[in-house]
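The values are calculated or read from the model by the stated rules, or taken from the named source; none is laboratory data. Nothing here was measured: the structure is a model prediction, and the numbers come from that model. Methodologically, a virtual Cβ is constructed for each residue, glycine included, from the backbone with ideal geometry; neighbour enumeration extends over all protein chains shown. All accessible areas refer to the heavy atoms of the entire protein, side chains included, with ligands and DNA or RNA removed. Shrake-Rupley method; radii C 1.70, N 1.55, O 1.52, S 1.80 Å.
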Amino acid sequence: MQLEIDALRLSSELEELAHFTHVEASPDGTAVTRIVFTEDDLTARTWLKGLAAQEGFDVREDAVGNTFIRWIGLEPTLSAVGTGSHIDAIPHAGMYDGTVGVMGGLEAMRALKRSGVRFRRSIELLLLTSEEPTRFGIGCLGSRLISGALDAQRADRLRDALEAESDGTLKTVRKDAGYVGELGSVRLPQDFYHAWLELHIEQGPLLEREGLPLGIVTSIAAPAGYRFVIQGLGGHAGALLMPDRRDALCAASELILSIERHSLAANAASGKSDTVATAGSCEVFPGNVNSVPSRVVLQLDIRDTDPDRRERVMKAIRDDSAAIGGRRGVTIEEELVNADAPAQSSAHLVEVLDEICGDLGISAKKMVSRAYHDTLFMARITPVAMIFIPCRGGISHRPDEYASPEDIARGTLVLAHALAKLAAE
Ligand code: GLV
Ligand code: MN
Ligand code: MN
């Protein structure tokens, strides 16, 4: 089958998407911030729905704002072939994370339509809401709800971190954005999709390092998130003498180093680098230079290809946490945000992608995704796989994130061929 990807249009749409939202000039590149349900995010969604409508694709949205763009097949009652990703971006991020899978998915569908071939199955592009945890503290909100991995009532109570002073929750924020239905209705049945593919930048260095243009993801590592609330004793930075202190930030510092130490020890024991742990957010109260910190909220992101090892590392961190608390006279409370299982790609979909790459003369690498993706949750309701394309220096979640137009077009071409193959099944 002959398919043409309009690489120029795809690149210019990715630029447009980056630029009509909040961007800051940064010495490193275009710094994009697009937080879910902000005006920028809603504008981007309207623009995308407009592009879909121009093609005559069917557009529907669910109660959390997941947006379904469907090209209806010859047998509309058959389960559809799905593809998609996210367009929300963490603060001061790049312009390719997620967006390549959404805009590439749209271009793949347009290329299939241009080919003149019609398919049995419908093909559906999905813009998934809030893959990033920035606003509601938990990633992959839309796909968790689709797959039933997150309870609808718990989801509606998630606090809005963007307006920290207000008592906003997902429920109020989504309703203000125009998504008013019951969250329970977001869940999709097991046979809704025949298969699911996500195109994404690698966000790591391996493809570039090995000089390969494309990756086929065989599994996605298991992520978990925790919040530690450390309560000590505040006071005057001059008058509260050192022997009397119960400094919450000093305790947090020890805990951060314990997190690093146990992750490194797990890697040393396995001889691999599969355990990664990050204390990436630390709020200090009251946050004055001349006040002893009384309270700290520390967020931990920990991932591993082996969920049991991840739990063993957590146990070691927990033991340290109890010891630090006792020694320093502070309380440390741990709250689980999420502890997810890894996902495996479908052998059939990996084979389909492998064959397509072979036919197109593309050398592809089978690889693990260490970043999480909505596909982690789509895997709970349908067979999945992912296509990775290289990104310069393996850099992501930074303004200098970059993927070349050629690599984006190549990934999109492979996606289009795979959608065609699966939609004909
Ligand atoms: C997604 O952005 C992740 O944190 O892996
Ligand atoms: Mn991301
Ligand atoms: Mn992403």
Restricting the range 365-396 to residues that are farther than 13 Å from S345 by Cβ and hydrophobic (A, V, I, L, M, F, W, C), the one nearest to ligand 3 (Cβ to nearest atom) turns out to be A371
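Hey, any hits in the range 334-346 for a residue that's loosely packed, with under 13 Cβ neighbours inside 10 Å and without any contact (Cβ under 8 Å) to a residue 24 or more places away in the chain?
Just the residues of the range 334-346 that are loosely packed, with under 13 Cβ neighbours inside 10 Å, to begin with: 335-336.
Filter once more, so that each one left must be without any contact (Cβ under 8 Å) to a residue 24 or more places away in the chain: none.
No, the range 334-346 contains no residue that is loosely packed, with under 13 Cβ neighbours inside 10 Å and without any contact (Cβ under 8 Å) to a residue 24 or more places away in the chain.
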Over the range 254-281, the set of residues touching a residue at least 60 places away in the same chain (Cβ under 8 Å) and assigned to a helix (DSSP H, G or I) is E254, L255, S258
Of (1) farther than 30 Å from L241 by Cα; (2) touching a strand residue (DSSP E or B) at 6+ places or on another chain (Cβ under 8 Å); (3) not basic (K, R), A265 fails just (2)
Matching residues in the range 191-208 (of a type in the set (D, E, K, R), open to solvent by 10 Å² or more (accessible area, probe 1.4 Å) and in contact with a helix residue (DSSP H, G or I) (Cβ under 8 Å, 6 or more places away or on another chain)) number 2
A careful count of residues in the range 151-167 that are open to solvent by less than 70 Å² (accessible area, probe 1.4 Å) and either in contact with a Cys (Cβ under 9 Å, 6 or more places away or on another chain) or modelled with pLDDT of 95 or more (or both) gives 5
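Across the range 378-404, what is the total count of residues that are in contact (Cβ under 8 Å) with a residue 60 or more places away in the chain, among the small types (G, A, S) and more than 15 Å from ligand 2 (Cβ to nearest atom)?
Let us first name the residues in the range 378-404 that are in contact (Cβ under 8 Å) with a residue 60 or more places away in the chain, namely 378-403.
Within this subset, residues satisfying the condition of being among the small types (G, A, S) are 379, 385, 393-394, 396, 403.
With more than 15 Å from ligand 2 (Cβ to nearest atom) added as a condition, the list becomes 379, 385, 393.
Number of matching residues: 3.
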When every residue in the range 125-142 that is among the hydrophobic types (A, V, I, L, M, F, W, C) and within 12 Å of ligand 3 (Cβ to nearest atom) is compared, the one nearest to F228 (Cα to Cα) is C140
Those residues of the range 282-305 that are within 19 Å of the chain's Cα centre (by Cα) and either of a type in the set (D, E) or over 17 Å from A343 (Cα atoms) (or both) come to a total of 4
For the range 1-25, pairs from a residue that is of a type in the set (A, V, I, L, M) to a residue that is surrounded by fewer than 16 Cβ atoms within 10 Å (Cβ to Cβ) and part of a loop (DSSP other than H, G, I, E, B), with Cβ under 9 Å and 6 or more apart or across chains, are M1/S115; M1/V117; L3/S115
Across (1) open to solvent by 10 Å² or more (accessible area, probe 1.4 Å); (2) outside any loop (DSSP other than H, G, I, E, B), L188 clears everything bar (2)
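Taking the stated definitions as given, is T38 out of contact with any helix residue (DSSP H, G or I) (no Cβ under 9 Å at 6 or more places or on another chain), among the hydroxyl-bearing types (S, T, Y) and in contact (Cβ under 8 Å) with a residue 24 or more places away in the chain?
Values: out of contact with any helix residue (DSSP H, G or I) (no Cβ under 9 Å at 6 or more places or on another chain): yes; among the hydroxyl-bearing types (S, T, Y): yes; in contact (Cβ under 8 Å) with a residue 24 or more places away in the chain: yes.
The answer is yes for T38.
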Checked the range 368-403 for anything within 21 Å of A89 (Cα to Cα), of a type outside the set (F, W, Y) and open to solvent by 20 Å² or more (accessible area, probe 1.4 Å); matches are R370, A371, R392, G393, I395, S396, H397, R398, D400
Exactly one of A195, A237, A251, A221 is of a type outside the set (V, I, T) and free of Cβ contacts under 8 Å to residues at least 60 places away in the same chain, and that one is A237
Subset of the range 58-90, residues within 16 Å of ligand 2 (Cβ to nearest atom) and closer than 24 Å to R157 by Cβ, comes to H86, D88, I90
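Considering only the range 23-30, I want to know if a residue exists there that is surrounded by 22 or more Cβ atoms within 10 Å (Cβ to Cβ) and assigned by TED's automatic domain parsing to the domain that holds K113.
The first filter runs over the range 23-30 and keeps only residues surrounded by 22 or more Cβ atoms within 10 Å (Cβ to Cβ), leaving none.
Checked the range 23-30: no residue is surrounded by 22 or more Cβ atoms within 10 Å (Cβ to Cβ) and assigned by TED's automatic domain parsing to the domain that holds K113.
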Filtering the range 235-273 for residues that are open to solvent by less than 50 Å² (accessible area, probe 1.4 Å) and at pLDDT below 95 leaves a count of 0
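Of the residues A152, A111, which single one is more than 16 Å from ligand 2 (Cβ to nearest atom) and free of Cβ contacts under 8 Å to residues at least 40 places away in the same chain? Spell out the reasoning first.
On the way: A111 fails: free of Cβ contacts under 8 Å to residues at least 40 places away in the same chain.
Exactly one of A152, A111 is more than 16 Å from ligand 2 (Cβ to nearest atom) and free of Cβ contacts under 8 Å to residues at least 40 places away in the same chain, namely A152.
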Does any residue of the range 314-325 turn out to be away from ligand 1 (no atom under 16 Å from the Cβ), in a loop (DSSP other than H, G, I, E, B), touching a residue at least 24 places away in the same chain (Cβ under 8 Å) and polar (S, T, N, Q)? no
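Would you mind listing the strands (runs of 3 or more DSSP E) fully within the range 67-146 where at least 3 residues are open to solvent by less than 10 Å² (accessible area, probe 1.4 Å)?
Details: elements: 67-71, 80-85, 89-93, 123-127.
In the range 67-146, the matching strands (runs of 3 or more DSSP E) lie at 67-71, 80-85, 123-127.
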